[in-house]
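S.K.: Please read through the structure below; I'll follow up with questions.
The values are calculated or read from the model by the stated rules, or taken from the named source; none is laboratory data. Here the structure is a predicted model, which means the values were calculated and not measured. Cβ atoms come from the backbone with ideal geometry, glycine included; neighbour counts cover every protein chain shown.
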Amino acid sequence: MLFMKLIFLSVFMFIMSMMVFSFNRKHLLIILLMLEFMVLSLFILFMINLMMMGSEIYFLMLFLVFSVCEGALGLSILVHMIRMYGSDYFQVFNLLKC
């Protein structure tokens, strides 16, 4: 019963983060936070499924490594965009400006 509640909570977290990701696309920081929230909910789902099946959890370590790399890459893009353009608004970002 506890696993079902955690699965429902994780799916709810994923759906809510997808909604915020879809409807609020003005700031790069909010987009990156919602991507990390989706990764966190997927991590919880993977952990529950692997615990229920009784299999090895080394896949979780690989998943965490890739999610940390994704977060570091997103943060570096955010810092670069703020240094070049002054903010993280997508309206300020112009592809023709070099």
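Listed here are the residues, each with its yes/no results for (1) within 30 Å of V79 (Cα to Cα); (2) among the aliphatic types (A, V, I, L, M).
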| position | (1), (2) |
| --- | --- |
| M16 | yes, yes |
| S22 | yes, no |
| L42 | yes, yes |
| M47 | no, yes |
| E56 | no, no |
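S.K.: Mind checking which residues of segment 33-57 are in contact (Cβ under 8 Å) with a residue 12 or more places away in the chain and of a type in the set (S, T, Y)?
M.R.: The answer is S41, and nothing else.
S.K.: Is there any pair linking a residue in segment 1-26 that is assigned to a loop (DSSP other than H, G, I, E, B) to one that is of a type in the set (D, E, K, R), with Cβ under 9 Å and at least six apart or on different chains, and which?
M.R.: K26/D88
S.K.: Could you please find all residues in segment 78-89 being under 18 Å from the mean Cα position of the chain (by Cα) and either surrounded by fewer than 12 Cβ atoms within 10 Å (Cβ to Cβ) or not in a helix (DSSP H, G or I) (or both)?
M.R.: From segment 78-89, those under 18 Å from the mean Cα position of the chain (by Cα) are 78-79, 88; that's our starting set.
Across segment 78-89, the qualifying residues are V79, D88.
S.K.: Take the residues in segment 11-35 that are over 24 Å from G86 (Cβ atoms) and touching a Ser or Thr at 6+ places or on another chain (Cβ under 8 Å), then tell me which one is surrounded by the fewest Cβ atoms within 10 Å (Cβ to Cβ).
M.R.: Among those residues, the one meeting the criterion is V11.
S.K.: Now a separate question. Name the residue, out of M52, M61, that is modelled with pLDDT of 90 or more, part of a helix (DSSP H, G or I) and farther than 24 Å from V20 by Cα. Walk me through how you get there before you give the answer.
M.R.: Numbers: M52 fails: modelled with pLDDT of 90 or more.
When all the criteria are applied, what remains is M61.
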